[in-house]
Structure formats: structure tokens, C-alpha cells
Amino acid sequence: MRIRGAVLEEIGRSRPYAESSPISVSELELADPGPGELLVRIEAAGLCHSDLSVVDGNRVRPVPMLLGHEAAGIVESLGEGVSGVAVGDRVVMAFLPRCGECANCLTDGQLPCTPGSVANNAGELLGGGRRLSRDGADVHHHLGVSGFATHAVVDARSVTRVDSDVPPEIAAVLGCAVLTGGGAVLNAGLPTDGDDVIVIGLGGVGMAAVLTALSLRADGAVGRVIGVDAQPAKLDAVRALGADAAYTPQELAEAGVRAPVVIEAAGHPKAFESAVAATAVGGRTVTVGLPNPAARSEISPLVLTAEARTIIGSYLGSAVPQRDIPRYVEMWRAGRLPVEKLISGVITLDQINEGMDSLADGTAVRQVIRF
Ligand SMILES: [Zn+2]
Ligand SMILES: [Zn+2]
């Protein structure tokens, strides 16, 4: 079928992207879903820093690539052998499919699926190959989703069904920001007994970590929740979400504030250093950010030993999407996780380059494309 989608043509074009237009919105051909796959009509898709990282070259991926890895939509048709979802269901897509059979999948989310990672790096679906083409030439999938389009063919092992009362833009944001930021708290940071939580880097993922930490205060698992970002506007925003304090990285260091659980969601080596420095004796530093592969941080190994500390790398919030997304939906429905507060703007598919500029400026938390 013919679809409309946002294709990254070239990596590393100069900013502003509104002028250099690295992403073109064009017509493409989408093949029918193969065995184990489904066709989804996309309703909403969020713009994430991991999309920007492909545009600016911090994460090198094959191009042309149809971007977008945080999306939700309605199942329109099923390939052979798909069970558990039906035509008409609303589904959330997660950016790492789980084959469910490899040794890593048996670790309950702690390790990323091996064939899923291989397919993602190749710009293919988990079942192998691509379903997207333009003028007879293949176009790569982004992380098994390619949600910046009117429709997508995805592997059934990339999706989680949600009830129809979950609005599309909320459902979309569950797929990356909430799975990653929420999982950093619930699956990796594991605050207990009134632990304070510091979150460094207040984009969609960081803000989702803040919301999740705040949700645990009612049970007494979390004490103070502290947001850290270099942008003053983000500090105002995190206070508005209910954080107890907000600092720039420099202010955090000067104040000497430390916590048993510190989450780094900025994807920058300096932010990682700040996170390690802000972790208390016996505490856990959880890093979910995705810096440039060449980036290096400087930390003192001695403090890890002398202060009995742990550093945890957490991909996709150590999530098992089909286990965790229903949990977040329940929290949202109970009013404990106001996911809608992450959404800072709604844009159209044709505004994608401007949206990438807003992300790069650090002025947006989560912009969502509505179809
Ligand atoms: Zn993302
Ligand atoms: Zn696997």
C-alpha cells in the first residue's frame, strides 16, 4: 500500500533543520505484513532524543530511514500466525522487539534481546528484511517501528495491546519515554524506604522518571525527588510536576546534594559524571542515556569500592514491555502517573524538521505528532 512517512535522507546536516531539511515527508510503498507481523494505522508518535541522535549523527544508522520509534495506533490487518491482538485493537510499539527465546530475553528485561538488537542495527524487522521502499529502493526501519508515518508494518513482538480508553498520544509516550524513564526507577533504581531520587536530564525520559518516582511517594518508597537540567525552563517544568527541588548540574555539585538512587537520562558524559558524583554511599547510579559511542567520562573507581556503590546500565528501562505497559496504564488510570504532563506540544508530520530543532534546542519535553 501507499503511505506517507518522514524519511531521514542524510545524516549530519547543519542546523536549523527547518532550513536544511534532513527529513523529507514523502510517499512510500509499504509491503503487506509477513508471518508474525501486523499492519498498524499510526494515530500518534512522539519525538525522542534518539530520533535526533540519528539526524545529527550521534547514533550512526543506515539511511534512508523512516524515523520514529515511539508510537501507537490501530491494528488494521494481521499476518499469518499472529495471536494476542485483533484487528481494531490499539497497540503501543516498543523500540526493541523481544524474540522471547534468546538467552537475553530469559533475563526478564535486564538484558536486551540479541536478535532484536541485530535487526534494529540493520534497520530491519525482527523477521528479517524491510517492508518499506521508495521508487523500488529499500528504506530502513527505525528500531522496528518507523512510526513517523500514516501506517507501519511491525513485528508482533514489538507491540503491546492497550485498552481503547488510553488516548493515542498517551499510548505513544508509554512506548519509549515511560518504559525507559519509568523502568529506570521501577526495574533498575529500585528506591525503597523513603530513598531520595535524583534525575539528571529532563527530556521525556527524565520527566517520566520523575513522575514515576513521585508516584512511589504515596507508598513511602521514595522521599525527595530532585530534577537536574542545564535549561532553566526545564527546572521550572519539573517543579511544576511536583519535584521537591531542581538544580542545574553546577548548582547540584555546589550544594553537595546526594541520593541513594540517581538516574542519568541526558545521554552526555558530563551528565554521567554528575550522576556518579551525586550518588550516596551504598547507592545506585542508573544510566539510561545514549551518548555518542566515542564519548568518555572520567570517574574515580575508588569511590565505587570505598562507598560500596553500583552503576547500572539500563536499556529501555530494563523493561519487558508486555509486562510493564499494563502496569503503567493502571498507574495512569488511577491518577498516579499523569503521563499527559509529559506532552509539551502536538505537531503535524510536515513539521518534523522544526520539531527536531525544538528537541535540539532543549525547549521541548515531548512533542507528539497526531495523524
Ligand atoms: Zn526514545
Ligand atoms: Zn530475544
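Annotations for the structure displayed:
- Near Val178: Cβ cut-off under 13 Å, other residues only, Lys/Arg at +1 and Asp/Glu at -1. The net charge is -1.
- Computed from label points 7 Å out along Cα-Cβ, the spacing between Arg296 and Ala18 is 3.9 nm.
- Across region 48-57, rounded Karplus estimates of 3J(HN,Hα) from the backbone phi angles (6.51 cos²θ - 1.76 cosθ + 1.60, θ = phi - 60°) give 10, 4, 6, 6, 4, 5, 7, 5, 8, x Hz, Gly and Pro being marked x.
- The gain in end-to-end length when the Glu10 to Ile311 segment is fully stretched comes to 104.8 nm, 0.36 nm per residue minus the alpha carbon separation.
- In the chain, a dipole from Cβ-located charges (positive for Lys and Arg, negative for Asp and Glu) runs towards its positive end, and of Gly88, Ala253, Val75 it is Ala253 whose Cα lies farthest in that direction.
- Calculated from backbone phi, Karplus (6.51, -1.76, 1.60) coupling profile of region 261-277 in Hz, x at Gly/Pro: 10, 10, 10, 9, 10, 9, x, 10, x, 5, 5, 5, 4, 4, 5, 5, 5
- Coil-residue trypsin sites (Lys or Arg not before Pro) of region 280-327, DSSP, other Cβ within 10 Å capped at 10: Arg296
- Net length gained if the chain between Ala103 and Gln250 were fully extended (0.36 nm per residue, minus Cα distance): 48.7 nm
- Separation of region 217-243 and region 300-371, taken as the distance between their Cα centroids, equals 14 angstrom.
The numbers here are math on the coordinates, done by the rules we state, and not lab data. Being a predicted model, the structure only gives us computed values, none of them experimental. All Cβ positions, glycine included, derive from the backbone under ideal geometry; neighbour counts span all protein chains shown.
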